[in-house]
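Only one structure is covered here, and it is reproduced in the block below.
The values are calculated or read from the model by the stated rules, or taken from the named source; none is laboratory data. Small disclaimer: the values here were computed from a predicted structure and weren't measured. When we count neighbours, we look across all protein chains shown, and the Cβ atoms used for this are built from the backbone with ideal geometry, even at glycine.
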Amino acid sequence: MIPPQADAEFTAGMEEVLDLYERPYDPRRPVVCMDEQPIQLLRETRQPIPATREHPQRVDYEYERAGTASIFMFCEPLTGWRQVTVRDRRTRADWAQEVEHLLRTRYPGAEKVLLVCDNLNTHTKGAFYEVFAPEKARNLVRQIDLRHTPKHGSWLNIAECELSALATQCLSRRIATADDLRRETAAWSHHTNARQRAVNWQFKTADARTKLKSIYPQL
């Protein structure tokens with residue numbers, strides 16, 4: 001995405017996220033990134049021919065559309081942890097339920113989870129009130145500190161980078177059902193978490209002020 005020129009709002013949102021990535025690890029206030037991606041499910045119309053010593057696997061060019069699903073990616077960059085879940089849709093209710101599950105299962109003792117996500121209209125505090133009773137919704141809001149990446153700045157979200165890696169390493173073949181997709185993504189996240197591959201984010205606020213001068217307002 002091409003960032004805007006001399007945009008103060010973009011600059012403020014970018015620096016807020018970059019400052020967050022410079023923080024040292026604090027288990028009481030972990031930094032977590034999330035993103036989501038729609039997936040087209042595809043069913044083979046002809047049985048693929050298995051690979052041999054002489055030939056790789058051969059797949060016919062024809063396929064049948066088998067619906068869609070949505071992947072939700074959560075990652076904690078400094079610990080090398082990823083969680084991938086699959087849902088039929090990616091509505092406000094789906095997002096709220098995914099975040100609630102994350103807070104309840106992985107971060108029940110955290111003071112505040114600093115959650116980085118893009119500024120889709122599904123990523124709002126109000127989404128909790130559409131799914132849960134007011135008392136629970138308010139408790140969930142208290143547990144998170146939402147940090148939205150600016151418009152045209154989704155590249156600032158580490159979870160987007162993780163989704164790209166997942167797509168390359170795991171989703172390059174045709175997947176026919178949501179259950180197959182769950183098995184594939186669960187295997188990927190289990191393997192990645194076992195390696196504890198942390199994210200070494202190098203681009204800092206000082207770098208942005210030098211290399212991205214065009215997005216800063218001219219005083």
Test Ala167 against the stated conditions and say whether it is exposed (fewer than 13 other Cβ atoms within 10 Å of the Cβ) and either among the small types (Gly, Ala, Ser) or closer than 21 Å to Arg23 by Cβ (or both). no
Note on Thr85: of the conditions (1) of a type in the set (Ser, Thr, Tyr); (2) assigned to a strand (DSSP E or B); (3) more than 22 Å from Arg182 (Cβ to Cβ), unmet is (3)
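Can you name every residue in the range 66-82 that is of a type in the set (A, V, I, L, M) and under 14 Å from Arg182 (Cβ atoms)? Give the derivation first.
Our first condition is that a residue be of a type in the set (A, V, I, L, M); within the range 66-82, this holds for 66, 69, 71, 73, 78.
Hits for the range 66-82 are Ala69, Ile71, Met73.
Residue by residue through the range 205-219, note down the ones that are part of a loop (DSSP other than H, G, I, E, B) and surrounded by 14 or more Cβ atoms within 10 Å (Cβ to Cβ). Lay out the reasoning, then the answer.
Taking the range 205-219 and keeping what is part of a loop (DSSP other than H, G, I, E, B), we get 212, 216-219.
The answer is Leu212, Tyr216.
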Residue set Gln202, Gln143; condition of a type in the set (S, T, N, Q) and out of contact with any strand residue (DSSP E or B) (no Cβ under 7 Å at 6 or more places or on another chain); output residue Gln202
So Ala6 ticks every box in (1) surrounded by fewer than 17 Cβ atoms within 10 Å (Cβ to Cβ); (2) assigned to a strand (DSSP E or B) but one. Which box is left unticked? (2)
Has the range 130-150 got at least one residue that is touching a His at 6+ places or on another chain (Cβ under 8 Å), within 20 Å of Thr85 (Cβ to Cβ) and surrounded by fewer than 19 Cβ atoms within 10 Å (Cβ to Cβ)? yes
The conditions are (1) farther than 30 Å from Phe132 by Cβ; (2) modelled with pLDDT under 95, and Glu15 fails exactly one of them. Which is it? (2)
Residue that is farthest from Gly13 (Cα to Cα), among those in the range 170-195 that are hydroxyl-bearing (Ser, Thr, Tyr) and surrounded by fewer than 16 Cβ atoms within 10 Å (Cβ to Cβ): Thr177
List, please: which pairs have Cβ atoms under 7 Å, are six or more places apart or on different chains, and start with a residue in the range 167-188 that is more than 15 Å from Val59 (Cβ to Cβ) and end with one that is modelled with pLDDT of 90 or more and of a type in the set (Ser, Thr, Tyr)? Cys170/Thr185
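Residues that are modelled with pLDDT under 95: which helices (runs of 4 or more DSSP H) entirely in the range 97-199 hold 3 or more of them?
Numbers: elements: 126-129, 134-143, 158-170, 178-195.
Counting at least 3 such residues, we get 158-170, 178-195.
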Given the options Glu54, Glu64, name the one that is farther than 30 Å from Leu102 by Cα, part of a strand (DSSP E or B) and free of Cβ contacts under 8 Å to residues at least 24 places away in the same chain. Glu64
Output for the range 86-99, where each listed residue is over 18 Å from Val141 (Cβ atoms), touching a helix residue (DSSP H, G or I) at 6+ places or on another chain (Cβ under 6 Å) and touching a residue at least 24 places away in the same chain (Cβ under 8 Å): Val86
Scan the range 41-54 and give yes if some residue there is surrounded by 12 or more Cβ atoms within 10 Å (Cβ to Cβ), more than 30 Å from Tyr21 (Cβ to Cβ) and touching a Gly at 6+ places or on another chain (Cβ under 8 Å), otherwise no. yes
